[in-house]
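Every number here is computed from the coordinates shown, using simple stated rules; none is lab data. None of these values were measured; they are calculated from a predicted model. In this analysis, Cβ positions are derived from the backbone assuming ideal geometry, glycine residues included, and neighbour counts consider all displayed protein chains.
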Amino acid sequence: MEEHDIICTGCPKGCQVTIKTEGDKITDIYGYECPTGKEYAINEFKNPTRILPTTVKVEDGEFPLVPVKTAAPIPKSDLIKAMNFIAEKTVKAPIEIGDILIENILNTGVDVVATRNIKKESEV
């Protein structure tokens, strides 16, 4: 039997949830103070996901990079592949907050969106 300690980030309490497992099967779970904590810990154990914040290169922009993030969480196991994929991309200014710069990254169904406006260099 193994124990996995997970800090819940579902609310400000930050409960330390312990999951006991045998293989891939959860045998016990405790330490959560609300249903959100239990659900968060189960999801974190079975399929951890993260929102990926990073930057994309900009061509003809007032800045050389635009901050971006995934519009929804992607599997934690895909983060490095996604970073490498994004590092190869260049987008053209102007860019508006919320613009989809990469659609369906790594076939996850999740888009990469701009989190800052970037003007064209000639408009600065």
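Charges were assigned to the Cβ only: +1 to each Lys and Arg, -1 to each Asp and Glu. The resulting dipole of the chain about its Cα centre is roughly 80 debye. Enclosing the Cα atoms of the stretch 1-45 in their convex hull gives a volume equal to 55 cubic angstrom per residue. Pairs with C-alpha atoms separated by more than 23 Å, drawn from the list 13/81; 76/119; 46/81; 25/81; 20/69, are 13/81; 76/119; 25/81; 20/69. Working from Cα pairs under 8 Å separated by at least six residues, relative contact order for the chain is 19 percent.
Value of Rg to Rh for the chain, rounded to two decimals, is 1.15; Kirkwood radius and Rg both from alpha-carbon coordinates. Mean-square fluctuations from a GNM of the chain, with a 10 angstrom spring cutoff on Cα atoms, peak among 104, 47, 84 at 84. Set against the 2.2 N^0.38 Å expectation for a compact globular protein, the stretch 53-123 has a Cα radius of gyration ratio of 1.07. The modelled label-to-label distance between residue 50 and residue 80, using points 7 Å beyond Cα along the C-beta direction, is 1.2 nm. If you fit an axis through the alpha-carbon atoms of helix 35-46 and take the longest principal axis of the Cα set of the chain, what angle between them do you get, 0 to 90°, nearest 10? Long axis of 35-46 versus the principal axis of the chain: about 80 degrees.
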